[in-house]
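Let me begin by presenting the structure, written as structure tokens, before commenting on it.
The values are calculated or read from the model by the stated rules, or taken from the named source; none is laboratory data. The structure displayed is predicted, hence computed values, not measured ones. Every residue, glycine among them, receives a Cβ derived from its backbone with ideal geometry; neighbour counts consider all protein chains shown.
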């Protein structure tokens with residue numbers, strides 16, 4: 001049965017929820033800066049899914065066990081990123097993040113970084129291909145200046161040049 | 001395409017396309033060890049791209065999270081050591097039961113309305129009144145199944161995260 005998508009509306013109550021959350025973290029985390037996109041860009045997708053190359057991007061702190069873990073001890077966060085070759089065995093991945101409950105993801109990373117599932121969709125022809133590299137950051141960055149000005153443009157450039165048509169972003 | 005569990009933040013930050021799922025952070029694609037569920041959610045997340053035609057749109061999936069906080073799948077019994085909150089689990093079960101009962105009640109009211117509409121001797125005002133009350137039961141289901149379940153999920157997951165962080169398990 002086809003899933004019914006429903007438009008989600010940014011009601012006044014939801015806007016207040018955001019203001020309350022921001023007020024809390026401005027007090028709770030030293031150096032917090034509020035930063036929102038001034039422009040929301042739009043790239044139309046002209047191809048059917050079955051012809052698209054897909055990659056994954058997560059803010060959930062996923063990385064290879066052999067990688068340097070994200071710095072979760074720093075109260076100012078860690079704006080660096082990790083590359084994840086999409087041919088990697090998911091058993092070789094782990095999560096370093098202290099700001100969400102990843103008990104499930106520790107046992108099966110696919111519940112937030114669905115690389116095995118993406119391979120299955122590719123084998124079944126639902127998507128056309130998988131880009132060679134996926135990317136990960138650790139989403140706790142109270143001051144997102146470096147994230148926005150250094151990490152994000154670099155990741156956008158890499159994802160664009162990798163031939164990916166779609167980047168699916170999941171969060172921690 | 002962004003998958004979000006906090007649409008008020010996603011909408012404020014501003015993204016081209018997003019899909020909102022009422023699941024906990026860290027479980028947007030579903031539960032551990034459930035590949036069929038994960039595959040279904042990943043598929044609809046990708047399909048949603050073609051349903052969104054203007055920047056900043058967030059679409060919502062109809063799924064609800066019904067595990068509080070982390071009930072272990074048989075293959076993981078004893079493996080998670082996730083914090084358990086028996087009272088919250090009981091509230092979750094009762095919310096589920098209340099939603100089921102409210103849906104049954106709604107179905108009964110629909111039958112009652114169909115009977116009333118087919119009646120050769122209609123009661124003045126009854127059909128409209130039944131329609132109004134069905135709408136109110138819909139609102140009740142929304143409060144229980146969305147707002148109530150969301151609030152419980154956020155409370156339990158926030159506390160579980162704090163407990164896990166304090167226990168040093170997230171390193």
Give the number of residues within the stretch B:22-36 that are surrounded by fewer than 23 Cβ atoms within 10 Å (Cβ to Cβ), more than 7 Å from every other protein chain (Cβ to nearest Cβ) and touching a helix residue (DSSP H, G or I) at 6+ places or on another chain (Cβ under 9 Å). 2
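Name the residues in the stretch A:108-128 that are facing chain B (nearest Cβ under 7 Å) and within 18 Å of the chain's Cα centre (by Cα), would you? Walk me through how you get there before you give the answer.
From the stretch A:108-128, those facing chain B (nearest Cβ under 7 Å) are A:108, A:110-112, A:114, A:117-118, A:120-121, A:126-127; that's our starting set.
Result: A:108, A:110, A:111, A:112, A:114, A:117, A:118.
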Inspect all residues belonging to the stretch A:108-121 and state whether any of them is surrounded by 19 or more Cβ atoms within 10 Å (Cβ to Cβ) and farther than 20 Å from residue B:38 by Cα. no
Identify, by number, the condition in (1) in contact (Cβ under 8 Å) with a residue 40 or more places away in the chain; (2) under 20 Å from residue B:150 (Cα atoms) that residue B:56 doesn't meet. (2)
Name the pairs whose Cβ atoms lie under 7 Å apart, with the first residue in the stretch B:157-171 and facing chain A (nearest Cβ under 7 Å) and more than 21 Å from residue B:89 (Cα to Cα), the second modelled with pLDDT under 80 and not in a loop (DSSP other than H, G, I, E, B), and 6 or more positions between them or separate chains? B:170/B:164
If you take the residues of the stretch A:1-30 that are part of a loop (DSSP other than H, G, I, E, B) and closer than 29 Å to residue A:134 by Cβ, which of them is modelled with the lowest pLDDT? A:2
Being in a loop (DSSP other than H, G, I, E, B) and within 21 Å of residue A:68 (Cα to Cα) is the filter; apply it to the stretch A:145-172 and report the residue that is modelled with the highest pLDDT. A:171
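Counting just the residues of the stretch A:44-67 that are part of a loop (DSSP other than H, G, I, E, B) and surrounded by 11 or more Cβ atoms within 10 Å (Cβ to Cβ), which one comes out nearest to the other protein chains (Cβ to nearest Cβ)?
Keep residues of the stretch A:44-67 that are part of a loop (DSSP other than H, G, I, E, B), which gives A:44-48, A:52, A:59, A:61, A:65-67.
Add one more test, that the residue is surrounded by 11 or more Cβ atoms within 10 Å (Cβ to Cβ), and what stays is A:45, A:47, A:52, A:59, A:61, A:67.
Numbers: A:45: 6, A:47: 10, A:52: 8, A:59: 10, A:61: 9, A:67: 15 Å.
Across the stretch A:44-67, the extreme among qualifying residues is A:45.
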Looking at the stretch B:4-17, is at least one residue modelled with pLDDT of 95 or more, in a strand (DSSP E or B), more than 7 Å from every other protein chain (Cβ to nearest Cβ) and under 26 Å from residue A:123 (Cα atoms)? yes
Scan the stretch B:37-55 for residues that are more than 8 Å from every other protein chain (Cβ to nearest Cβ) and not in a helix (DSSP H, G or I) and report the count. 2
So is residue A:39 within 30 Å of residue B:62 (Cβ to Cβ), facing chain B (nearest Cβ under 10 Å), free of Cβ contacts under 8 Å to residues at least 12 places away in the same chain and part of a loop (DSSP other than H, G, I, E, B) or not? no
Just name the residue that is surrounded by the fewest Cβ atoms within 10 Å (Cβ to Cβ) out of those in the stretch A:94-107 that are within 7 Å of chain B (Cβ to nearest Cβ) and within 14 Å of residue B:31 (Cα to Cα). A:107
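Take the residues in the stretch A:79-107 that are without any contact (Cβ under 8 Å) to a residue 12 or more places away in the chain and part of a loop (DSSP other than H, G, I, E, B), then tell me which one is farthest from the chain's Cα centre (by Cα). Break it down into steps so the answer makes sense when it comes.
To start, the set of residues in the stretch A:79-107 that are without any contact (Cβ under 8 Å) to a residue 12 or more places away in the chain comprises A:89, A:91, A:101, A:103-104, A:107.
After this cut, where a residue has to be part of a loop (DSSP other than H, G, I, E, B) as well, the list is A:89, A:101.
Values: A:89: 19, A:101: 16 Å.
Ranking the qualifying residues of the stretch A:79-107, first place goes to A:89.
Before we move on, is residue B:89 in a helix (DSSP H, G or I) and modelled with pLDDT under 95?
Values: in a helix (DSSP H, G or I): yes; modelled with pLDDT under 95: yes.
In short, yes.
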